[in-house]
Amino acid sequence: MDAVNASSCLPPGQRESATFPRFGLTPFAARFPHETAAKVFDVEGDVHANIRVADAFTRLPRVTQTGDFHCVTTWTHRAVEWSGIRFADLHRDIILPQAQPAADSTFVLLKAQDGYRTSLPLADLLNEDVLLADQLNGKPLGIEHGAPLRLIAPAHYGYKSVKHLKSIGYWQNERMYRPPLLKFMDHPRGRVAMEERGRWFPGWLLRHAYRPLIGRTAARFQRELDQHLRKEAST
Ligand SMILES: Nc1nc2c(c(=O)[nH]1)N[C@H]1C(S)=C(S)[C@@H](COP(=O)(O)O)O[C@H]1N2
Ligand SMILES: [Mo]
């Protein structure tokens with residue numbers, strides 16, 4: 001098993017959180033995936049053919065790795081064990097031969113079942129620690145952490161690690177992308193080591209702006225989850 005970023009000290013501005021909360025942008029707190037079992041997603045964009053991929057987890061080698069999970073609002077939950085397939089393997093063995101993205105479609109748009117979306121440069125996704133994960137700490141991913149499958153980009157802030165992944169778009173430019181909230185919150189890369197929290201404002205400033213929001217946001221996401229699970233149980 002690989003340890004990808006589990007060093008003893010935390011990246012700039014981060015503080016350890018003993019808990020691993022269900023978290024995100026509040027407009028998504030009450031949205032849940034309709035499909036939680038089938039590990040199916042679409043590949044689209046500036047490609048030769050749009051494809052639906054349903055066999056990635058049976059065709060590609062399973063990898064398990066442990067690393068720290070860093071939210072842009074400054075909480076870090078340490079030593080999370082993810083298992084799934086490498087994005088690089090998916091790209092090389094399934095997407096390149098089947099969808100055949102144009103050589104310059106390197107702006108990758110990741111969309112989720114709850115309407116959330118984000119982007120990453122293809123080069124960042126090809127890092128060998130980037131996974132499509134379907135297991136967390138040895139168990140199938142629960143609805144709170146991204147069932148049925150999510151991206152895990154450990155060197156990037158959590159907002160790049162899309163839960164409930166629905167589609168991967170390979171685009172020649174960002175014309176198809178609208179950030180889920182405000183543009184300043186959305187750095188095109190979002191690397192933790194460089195403190196790329198957002199654009200236009202320095203990382204250290206955003207730390208202070210975001211930190212007070214953590215408790216409220218986590219509580220809201222938990223409340224909506226409890227309500228969702230109660231509703232599911234009663235139907
Ligand atoms: N589909 C979806 N993915 C998402 C989000 C979301 O609201 N919806 N929030 C992002 C943010 S800001 C963070 S910090 C992580 C939180 O992951 P967790 O809920 O497993 O802790 O998911 C990211 N991916
Ligand atoms: Mo986050």
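Every number in this text was worked out from the coordinates using simple rules, so none of it is lab data. All figures in this text were calculated on a predicted structure; none of them were measured in a lab. Glycine gets a Cβ as well: all are built from the backbone with ideal geometry, and neighbour counts include every protein chain shown.
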request  = Compute the separation of the alpha-carbon centres of segment 195-219 and segment 88-154 and state it in Å as a whole number.
outcome  = 24 Å
key: Length-normalised contact order of segment 122-184 in % [C-alpha pairs under 8 Å, at least 6 apart]   = 23 percent
inquiry  = Rounded to the nearest 20 debye, what is the charge dipole size of segment 105-147 about its Cα centre when +1 sits on each Lys and Arg Cβ and -1 on each Asp and Glu Cβ?
reply    = 160 debye
request  = Run the dipole for segment 83-235 about the Cα centre, Lys and Arg Cβ at +1, Asp and Glu Cβ at -1, nothing else charged, and hand back the magnitude in debye, nearest 20.
outcome  = 620 debye
ask   = Structure shown: which of K39/K163; K39/K139; K111/K183; K139/K231; K111/K160 lie over 21 Å apart, alpha-carbon to alpha-carbon?
value = K139/K231
note = For segment 1-128, the charge dipole (Cβ of Lys, Arg +1; Cβ of Asp, Glu -1; about the Cα centre) points to a positive end, and the Cα of T64, G45, P27 closest to that extreme belongs to P27
ask   = When only Cα pairs under 8 Å and 6 or more residues apart are kept, what is the percent relative contact order across the chain?
value = 25 percent
task = Would you be so kind as to identify which of V162, L181, G142 lies farthest towards the positive end of the dipole of segment 102-235, taking Lys and Arg as +1 and Asp and Glu as -1 on Cβ and the Cα centre as origin?
result = L181
